[in-house]
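Below you'll find the structure, written out as structure tokens, and then a few comments.
The values are calculated or read from the model by the stated rules, or taken from the named source; none is laboratory data. Only a predicted model underlies this, so the values are computations on that prediction, with no experimental measurement involved. Quick reminder, even Gly has a Cβ in these numbers, built from the backbone with ideal geometry, and neighbours come from all protein chains shown. Ligands, DNA and RNA are excluded from the accessible area calculation, which covers all protein heavy atoms including side chains. Shrake-Rupley method; radii C 1.70, N 1.55, O 1.52, S 1.80 Å.
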Amino acid sequence: MLMITGATGALGKLVTARLAGRDDVVIGTRTPGPGGRRVDFDDPSSLDFTGVDTLLVISAGAAEDDVVAARHEAVITAAEKAGVGHLVYTSLSGDGDHLTYALAHRWTERRLRRSTLNWTVLRNGLYAEFLAAVAAPGPDGTIAAPLGDGRLAAVAREDLADVAVRVATNPAPHAGRTYELVGEEPLGGPDLARALGGHYEPDTLAATREAITTAGQALPFQVPMLLSTYSAIAGGFLDGTGVENNKLRELLGRAPRSALKVYSETVGN
Ligand SMILES: NC(=O)c1ccc[n+]([C@@H]2O[C@H](COP(=O)([O-])OP(=O)(O)OC[C@H]3O[C@@H](n4cnc5c(N)ncnc54)[C@H](OP(=O)(O)O)[C@@H]3O)[C@@H](O)[C@H]2O)c1
């Protein structure tokens with residue numbers, strides 16, 4: 001049996017859609033429908049992985065580090081106890097170490113390496129859809145995201161779902177492997193503006209921090225998350241050149257989708 005966690009999320013939905021109709025696949029979610037199992041990393045009593053051969057753990061990273069680490073500790077411990085055959089974890093690309101949210105991913109990778117499980121780590125790059133959320137144009141068409149002269153090796157979420165399905169449905173050849181999965185087409189502010197027929201006039205980090213805080217939509221821990229994302233892109237850390245051995249194309253078995261197209265389509269929706 002293959003169980004997928006985080007199945008109602010954006011990545012999880014793409015993964016489960018690709019596995020629809022398979023009777024050996026079980027959806028593990030906090031809000032299970034018929035045939036699904038309740039899986040809430042915040043409630044260890046819900047973590048029953050009896051009969052699970054492969055567990056695809058989609059990270060539950062939208063929280064403070066201590067909460068994310070506790071969630072992932074709980075899920076790995078439960079998988080060890082249940083004798084899960086292989087755990088596949090969606091992590092963050094190696095060039096993302098300057099991002100505030102890298103810590104919880106690296107913590108989880110270390111915990112996996114010390115576990116009794118067979119494991120595979122999918123080090124996902126930042127989504128093109130995420131770029132569309134954090135570098136969308138304003139009403140006048142100006143992109144003000146503080147990306148500086150930096151670029152992001154963004155990757156289509158659909159491509160990461162394809163790789164996750166490929167690995168999770170035949171995990172044995174991938175045991176003990178950590179795969180870097182970043183885009184091949186790094187995108188900067190001018191590229192995004194050109195694609196949309198707009199302008200790129202980056203704000204400062206201070207102005208962006210104030211705008212995010214004033215808008216009041218970000219939780220306190222999300223403000224440094226967003227600022228560190230801009231800062232790391234502007235600093236040139238996320239353009240893909242620092243990633244050794246990008247496995248995206250090989251594990252897809254084809255060329256990656258165009259991140260710029262995904263950005264443009266997502267912004268347009
Ligand atoms: N690479 C990137 O650009 C990027 C961007 C944003 C986030 N991420 C990371 O990648 C993950 C997947 O991305 P996404 O776009 O699918 O995020 P998403 O749409 O926010 O989905 C995250 C899923 O995490 C699950 N979750 C949250 N708290 C949980 C808990 N206590 N126990 C079990 N599951 C829990 C939820 O699944 P259920 O409701 O089904 O339980 C939720 O739907 C995120 O959680 C985050 O860690 C990556």
Tell me what the chain gives for mean residue ellipticity at 222 nm when only DSSP H runs of n ≥ 4 count, each as -39,500 (n - 2.57), the sum divided by the residue total, rounded to 500 deg cm²/dmol. -12000 deg cm²/dmol
In nm, the gap between the two label points placed 7 Å beyond Cα toward Cβ at ASP48 and ALA172 is 3.0 nm
In percent, what relative contact order does the range 2-268 have, based on Cα pairs under 8 Å that are 6 or more apart in sequence? 20 percent
How far apart, in nm, are two points set 7 Å out from the Cα along the Cα-to-Cβ line at GLU184 and at ASP97? 2.6 nm
Need the list of aspartates and glutamates near LYS81 for cross-linking: C-alpha distance under 18 angstrom, and skip anything on the same chain fewer than eight residues off. ASP40, ASP42, ASP43, ASP48, ASP53, GLU73
Stretched fully, the stretch from GLU64 through ASN245 gains (0.36 nm per residue minus C-alpha distance, one decimal, in nm) 62.1 nm
Check the straight Cα-Cα distances from LYS247 and name the lysines below 23 Å, setting aside those fewer than 8 residues away within the same chain. LYS13, LYS261
To the nearest 10 Å², what's THR100's accessible area with a 1.4 Å probe? 60 Å²
Using θ = phi - 60° and Karplus 6.51 cos²θ - 1.76 cosθ + 1.60, couplings along the range 166-171 (whole Hz; Gly, Pro as x): 4, 6, 5, 8, 8, x
Taking every C-alpha to C-alpha distance in the range 1-131 and binning by 10 Å from 0, the per-bin percentages run 13, 46, 34, 7, 0
The orientation-averaged projected area of the Cα convex hull of the range 2-268, in nm², is 13.9 nm²
